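*Asks:* Structure below; questions to follow.
The values are calculated or read from the model by the stated rules, or taken from the named source; none is laboratory data. Everything numeric in this text was worked out from a predicted model, so none of it was measured. FYI the Cβ positions are ideal-geometry reconstructions off the backbone, even for glycines, and counts take in every protein chain you see.
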Amino acid sequence: MMMRMALALVTGTLLAAAPVLADALGELQSAKSALQTAKEHLKDTSKDLEGHRKKALENINQALNQVDQALAAARQNEKQDEKKANQLDKKAQKLENKADKLENKADQKRAQ
């Protein structure tokens, strides 16, 4: 019984972590889109702004680069987390099989 509760806890934890990763990727994508929109707006403004427009465009390009790197890292983390989750699922299944076998043995001994 304790084994089954532990397995349920591990499974629940894994399922709860998945939306967090999806949210991070979605937020990063939204940030990238907003930066690209800002960049387009700046490109459309007059060029006579004492160098501030140019500096803002440079900063946006740097921010876009950082967001792209963050997206790549988030995707890599997602792959690693998925691999770990699959490994844990396999271990949980093995433990559940062992628990079932032990329960069957205990039932047989009680029946004797």
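Residues checked against (1) surrounded by 11 or more Cβ atoms within 10 Å (Cβ to Cβ); (2) assigned to a helix (DSSP H, G or I); (3) charged (D, E, K, R):
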{"site": "A38", "(1), (2), (3)": "yes, yes, no"}
{"site": "K55", "(1), (2), (3)": "yes, yes, yes"}
{"site": "A63", "(1), (2), (3)": "yes, yes, no"}
{"site": "D68", "(1), (2), (3)": "yes, yes, yes"}
{"site": "N77", "(1), (2), (3)": "yes, yes, no"}
{"site": "Q93", "(1), (2), (3)": "yes, yes, no"}
{"site": "N97", "(1), (2), (3)": "no, yes, no"}
{"site": "A106", "(1), (2), (3)": "no, yes, no"}
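*Asks:* Checking Q29 against (1) modelled with pLDDT under 95; (2) surrounded by 11 or more Cβ atoms within 10 Å (Cβ to Cβ); (3) in a helix (DSSP H, G or I), which single condition isn't satisfied?
*Replies:* Failed condition: (1).
*Asks:* Oh, and also: Which pairs do you get when a residue that is of a type in the set (G, A, S), found in segment 42-57, comes within reach of a residue that is surrounded by 10 or more Cβ atoms within 10 Å (Cβ to Cβ), reach meaning Cβ atoms under 6 angstrom, with the pair 6+ apart or on two chains?
*Replies:* Listed by first residue and then by second, the contacts come to A56/L42.
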